[in-house]
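Written below as structure tokens is the structure these notes are about.
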Amino acid sequence: MGMLSDLRRLLSYEMTLAEWLGTAVLLVTPHLVLGVVYAVLQPGYITSVDGAERVAATVGTVVFWPVLLIAELCP
């Protein structure tokens, strides 16, 4: 029962809103940094559009870079 009590103790831990936001920032930052790197190294999705669509394409590339990477690797 040691593992079950440890799990209950972990799940009963309360976090403040600031702690939740801090945790979210720490988890999202690496994903966004890699997305920016991918957008810089693979500008094909961004350079083919103009205006507001370019902004949307940039944000989409930064956020959805894993999907774009898999789409490039899988024929």
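Readers should treat all values here as calculations from the given coordinates under stated rules, not as data from a laboratory. Note that this is a predicted model, so its numbers are computed, not measured. As a convention, Cβ positions derive from the backbone with ideal geometry for all residues, glycine included, and neighbour counts pool all protein chains shown.
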Inset, instruction - Work out from phi, with θ = phi - 60° and the Karplus expression 6.51 cos²θ - 1.76 cosθ + 1.60, the ³J(HN,Hα) of each residue of the stretch 37-42, listed in order in whole Hz, and give x for Gly and Pro. - result: 4, 5, 5, 6, 7, 10
Legend entry - GNM flexibility winner over the chain from Val36, Val25, Val63 (Cα, springs under 10 Å): Val25
Inset, instruction - Treat the count of other C-beta atoms within 10 Å as a stand-in for reagent exposure and order Ile70, Ile46 from fewest to most. - result: Ile70, Ile46
Inset, instruction - Identify the chymotrypsin sites (Phe, Trp or Tyr not before Pro) of the chain meeting these criteria: DSSP loop state and at most 13 other C-beta atoms within 10 Å of the C-beta. - result: Tyr13
Legend entry - Distance between modelled label sites at Ser5 and Val40, nm, 7 Å Cα→Cβ extension: 5.1 nm
Inset, instruction - Kindly provide the helix-only [θ] at 222 nm of the chain, computed as the sum of -39,500 (n - 2.57) over DSSP H runs of four or more divided by all residues, to the nearest 500 deg cm²/dmol? - result: -25000 deg cm²/dmol
Inset, instruction - State the volume of the convex hull built on the alpha-carbon positions of the chain, expressed per residue in Å³ and rounded to an integer. - result: 142 Å³
